[in-house]
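The values are calculated or read from the model by the stated rules, or taken from the named source; none is laboratory data. The model shown is predicted, which means the values in this text are computed figures rather than measured ones. Please note: Cβ atoms are built from the backbone with ideal geometry, for glycine as well, and neighbour counts cover all protein chains shown.
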Amino acid sequence: MLERHSNRKGRPEDSLSHLCTVPHPQEGRAGNLYIPAISKEVYDVTGAGDTVIATAALALLSGSTIEEAAILANTAAGIVVGKIGTATLTPDELIEALVK
């Protein structure tokens with residue numbers, strides 16, 4: 001889930017966002033962006049959070065919006081949890097998952 005908050009001045013250009021997980025989308029607040037998990041089967045969640053942080057950071061530093069970064073990060077995590085043990089993913093795996 002991508003949750004948005006305004007700063008104390010309430011200016012949109014100074015708004016803050018953060019990524020978090022929720023078991024059910026209805027537990028969040030209106031205005032949040034929910035990105036469903038994309039994983040066929042979960043084998044091991046070790047390192048999934050690291051994958052999310054690394055992918056989101058790389059996407060943001062490459063000029064993606066926070067929404068695009070969240071989608072990329074969620075997709076990347078969905079790939080690595082489908083592997084056994086602490087896993088990585090390749091750019092080709094991420095691209096393939098995104099075009100499906």
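Observations
- Candidate set from segment 18-61 (those that are under 18 Å from Glu93 (Cα atoms), modelled with pLDDT under 75 and of a type in the set (A, V, I, L, M, F, W, C)); member that is farthest from the chain's Cα centre (by Cα): Ile38
- Qualifying helices (runs of 4 or more DSSP H) (wholly inside segment 40-100; at least 2 residues being among the small types (Gly, Ala, Ser)): 48-61, 66-80
- Some residue of segment 67-76 being out of contact with any helix residue (DSSP H, G or I) (no Cβ under 9 Å at 6 or more places or on another chain) and either loosely packed, with under 14 Cβ neighbours inside 10 Å or more than 16 Å from Ile38 (Cα to Cα) (or both): yes
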